[in-house]
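Visitor: Input: one structure, supplied below.
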Amino acid sequence: MENNNEKSRILSIQNLIIKFKLRGQVLTAIRDISLDLYKGESLAIVGESGSGKSVLVKSIMGLLDKNGYIDQGEILYKDYNLAKFSTEKDWLKIRGKEIAMVTQDPMTSLNPLKTVGKQIEECVVLHQGLKGKDAYNQTLRLLTDVGIHDVEKRYKQYPHEFSGGMRQRIVIAIAVACNPKILICDEPTTALDVTIQAQILQLLKNLQEKYGLTTIYITHDLGVVAKVADRIAVMYAGDIIEVGKTHEVFFNGKHPYTWALLSSLPQLGAKGEELYSIKGTPPNLFNEIKGDAFAPRNPYALNIDFIERPPFFQVSETHFAKTWLLHSDAPKVEPPQSLQGFFEEGRRYVHEY
Ligand SMILES: Nc1ncnc2c1ncn2[C@@H]1O[C@H](COP(=O)(O)OP(=O)(O)OP(=O)(O)O)[C@@H](O)[C@H]1O
Ligand SMILES: [Mg+2]
């Protein structure tokens, strides 16, 4: 994953292992992940509940729960190895001002006792070095940028006076006010209804361009990522099992788990038929995982999948997947019939595009 011609790396995660201690036992939530983030891109991380998406990004912000720890690996940002940070003082150099996060529940990031204007303005003062009237005007500009109307009146209101979608916009304004280089969005629209969800996605896209942000967008909904992401990383049981440009993963996915995720997209379901759902459950992370973690649920599993963990096989300059099916000795396996039409249509579209 070293070569990406157009872009330079802004963050590099190398061989990261994260564990949690729980009731005298140890659970491995992140199992040796390496991932580069490129300047200006929008990377989506997708995967089922419990696959480790939030743990991964929390480790970048120094926000792991107290019983969690980085067992191994590096998180390189500028001249820092964030994996070695141990004090809050260290993290204050990064959190908010270099890397900011928007989470699912905006209320947890807002102070209910302060007007939203003041909350945004504090970041403007602290991180943009503005004062008085300038800071106030910049705050109004940010409110406008995130799609809030009647900004002078809204400035003076408290979080409870806003709807869920509007609160999420305020949280985004606060994040942007700190001038971060990287914005992490952890399921920012999950709690919102579909129309609002689309608006927030569009907003994030606009802000990314306007402020030159690099974004990581987390979701368990593969359907939304095509709209926001330049690249997709697919997570399963604490590992990234496939990564590539959005169209590569969408229309030329190689890992059977990616196929399973794609097959559960509502747009693929035939009318009146039940939506495809992946059979079985993910592995227990307290146990050591042998081979490909998806093997027990994988109808295409080979013998070796139960024995040896697959490495990343390269599909293109930017596309990699951890499946033994890509090994030169593997039998030729076609993606499920139900996906083939989707793949062909998608490739044709990308070609014409
Ligand atoms: N504080 C903790 N103690 C023990 N285990 C934890 C802790 N936090 C997370 N985990 C475990 O780590 C694994 C990954 O959790 P994580 O929250 O990253 O999943 P996720 O992919 O974000 O899921 P979701 O889509 O539901 O948000 C899960 O098995 C979870 O139970
Ligand atoms: Mg999560």
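The values are calculated or read from the model by the stated rules, or taken from the named source; none is laboratory data. Not measured: the values here are computed from a predicted model. A quick note on method: Cβ atoms are made from the backbone with ideal geometry, for glycine too, and the neighbour counts reach across all protein chains shown. Heads up: the accessible areas ignore ligands, DNA and RNA and are worked out on the full protein's heavy atoms, side chains in. Shrake-Rupley method; radii C 1.70, N 1.55, O 1.52, S 1.80 Å.
Visitor: Got a number for carbon plus sulfur as a percent of the chain's accessible area, 1.4 Å probe? Provide the component values of the computation, followed by the final result.
Guide: Details: 8910 of 17560 Å².
Carbon with sulfur: 51 percent of the solvent-accessible area.
Visitor: In the chain, with Lys and Arg counted as +1 and Asp and Glu as -1 at Cβ, which of these residues, Tyr158, Thr144, Gln199, has the Cα nearest the positive end of the dipole, that is, farthest along it?
Guide: Tyr158
Visitor: Work out the FRET efficiency for Asp79 and Thr318 from their Cβ-Cβ distance, taking R0 = 25 Å, and round it to the nearest 0.05.
Guide: Values: r = 27 Å, r/R0 = 1.08.
In this case the efficiency is close to 0.40.
Visitor: Which of the listed residues, Ala135, Phe320, Thr108, is farthest toward the dipole's positive end in the chain, when Lys, Arg count +1 and Asp, Glu count -1 at the beta-carbon?
Guide: Farthest towards the positive pole: Ala135.
Visitor: With only Lys, Arg, Asp and Glu charged, each at its Cβ (+1 for the first two, -1 for the last two), find how big the charge dipole of the chain is about the Cα centre; round to the nearest 20 debye. Before the final figure, lay out the partial values.
Guide: On the way: 42 positive and 42 negative charges, 227 e Å.
Charge dipole of the chain: 1100 debye, to the nearest 20.
Visitor: If you put +1 on each Lys and Arg Cβ and -1 on each Asp and Glu Cβ, how big is the dipole of segment 27-127 around its Cα centre, in Debye rounded to 20?
Guide: On the way: 13 positive and 14 negative charges, 56 e Å.
Value, rounded to 20: 260 debye.
Visitor: Something else about it: Within segment 218-242, which residues have the backbone N less than 14 Å from the label spot 7 Å out from Phe306 along Cα→beta-carbon, could you tell me?
Guide: Zone members listed by number: none at all.
Visitor: Output needed: percent of Cα pairs per 20 Å distance bin for the chain, bins running from 0 to the one holding the longest distance.
Guide: Calculated over all Cα pairs of the chain, the distribution is 28, 56, 16, 0 percent.
Visitor: To continue, here is another question. Would you please give the FRET efficiency between Arg347 and Asn206, computed as 1/(1 + (r/R0)^6) with r the Cβ-Cβ distance and R0 = 30 Å, to the nearest 0.05? Don't jump to the answer; show the numbers that get you there.
Guide: Working: r = 29 Å, r/R0 = 0.96.
Computed FRET efficiency for Arg347 and Asn206: 0.55.
Visitor: For segment 88-240, what does the accessible surface come to per residue with a 1.4 Å probe? Please give it in Å². Don't skip to the end; give the middle numbers.
Guide: Values: 6700 Å² over 153 residues.
Solvent-accessible surface per residue comes out at 44 Å².
Visitor: Relative to the present Cα-Cα distance, how much length would full extension add between Val333 and Ala226 at 0.36 nm per residue of separation?
Guide: Working: separation 107, 0.36 × 107 = 38.52 nm, distance 2.55 nm.
Length gained, Val333 through Ala226: 36.0 nm.
Visitor: Here is a follow-up. Working with all protein chains in place, sort Lys89, Lys227 by solvent-accessible area computed with a 1.4 Å probe, largest first. Each step should come with its number before you reach the end.
Guide: On the way: Lys89 165, Lys227 125 Å².
In descending accessible area the options line up as Lys89, Lys227.
Visitor: Now for a separate question. Run the helix sum for the chain: -39,500 (n - 2.57) per DSSP H stretch of 4+ residues, divided by residue count, reported at 222 nm to the nearest 500 deg cm²/dmol.
Guide: Working: 12 runs with 120 residues, N = 353.
For the chain, the value works out to -10000 deg cm²/dmol.
Visitor: In segment 116-131, whose amide N lies under 14 Å from the spot 7 Å out along Cα-to-Cβ of Lys156? List them in ranges.
Guide: Label zone hits: 116-118.
Visitor: Continuing with the same structure: How much of the DSSP beta bridge set in the chain is antiparallel, as a percent to the nearest 5? Could you put the intermediate results ahead of the total?
Guide: Values: 31 of 50 bridges.
Beta bridges within the chain, antiparallel portion: roughly 60 percent.
Visitor: Let me ask you something else. Mean separation of Cα pairs under 8 Å and 6+ residues apart, divided by the residue count of segment 6-122: what relative contact order is that in percent?
Guide: Values: 142 pairs, mean separation 30.3, N = 117.
Relative CO of segment 6-122 lands at 26 percent.
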